[in-house]
Amino acid sequence: MAHHGLPSPSARSVSYSGFNLPSSSSSSSAGDDPNDGYDDNDALPFPAALSRPDFLAPDFDPAAYLSALHTGPTARHQTLEDLRDELRDRSTSISAELLELVNANYTSFLELGDELKGGDERVEDIRVGLLGFKRVVEEVQSRVRERRIEVGSLNRELQGVKSAVERGRQMLELDERVTELEARLAVGSTGQAKKSGDDDDDDDYRDPDDSDGNNDEEEEDEGAGFVGSTPAKLAVLAKEYVIVHRLATSLGRTLPFVRKMEERMMRCRNTILLDLSTATKEARKAGLRGHDRLLKYSAIYRTLNAEAEAVKVFKEK
């Protein structure tokens, strides 16, 4: 038996919180579902549509706006699904309106360029100013390129001057060393030994390797009874000649100045070899007493790169 005046539990489940729904005053007909009277939702109060000006506020905050829809005195009794559907419909509507506005004003937008007047002179002034600025930039770039080429040329010239100065210094050093070597060898400009009574002044010559002069007494003992130059004197002369030879090689043998110095250098070398040959022969004749001298003279021949001359001297009887 149906109960009149009271809605069924299924009917109560479709009501919205906050709305006063009318109660059922009549019973359903026999054989009908008692919930048929509540299938029509047209009588339910629906929330009003969202106001468009709310979205146009300068300080519009989506999160705060959605929160206000469900809290406070203006809370909307609406599910999130219904609210999302409403917002989706609103977005579709706005897109359609935007498309209509674009289509309606497209022709006017295209004609806007033809309607603009009065700016040709201003545009021409700007164009002329840009062309002038471009010419100034090109002139500056041209001057920079010219200055770069000039600086490069000056740098190369400076390097050449430095090289020439260094070569001149080496040439002066070569001349000074050859002159000093000639003075020590007492060699004249014609290659003849100068006539002087101090030709064998051995006190002016020391072995560069003997910084303390410890070999002076040994040389005096070994020199007793010998007339030829001591090994210490010839060793110093030989080393100075080697320095001169290396300096000339560094300058270049094809240099006219070096070719001119070759004759003087050769006279110095021949003089050293002549003195060395005389001293070697004297030491050989001395027998065992001159053995140490012979060893030192042999080293001097190696310093001068004159092994062939040494062989000839040692082969002589």
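Every number in this text was worked out from the coordinates using simple rules, so none of it is lab data. Everything quoted here is computed from the prediction, not taken from an experiment. Reconstructed Cβ throughout: ideal geometry from the backbone, glycine too, with neighbour counts over all protein chains shown.
Of note:
- Backbone HN-Hα couplings from phi across segment 98-111 [Karplus 6.51/-1.76/1.60, Hz, Gly and Pro as x]: 5, 5, 5, 5, 4, 5, 6, 10, 5, 5, 5, 5, 5, 7
- For segment 295-303, 3J(HN,Hα) computed residue by residue from phi via the Karplus equation (6.51, -1.76, 1.60; θ = phi - 60°) reads 4, 5, 5, 4, 5, 5, 4, 5, 4 Hz, glycine and proline entered as x.
- Listed residues SER93, ALA75, LEU110: farthest to the positive end of the dipole of segment 61-116 (Cβ charges): ALA75
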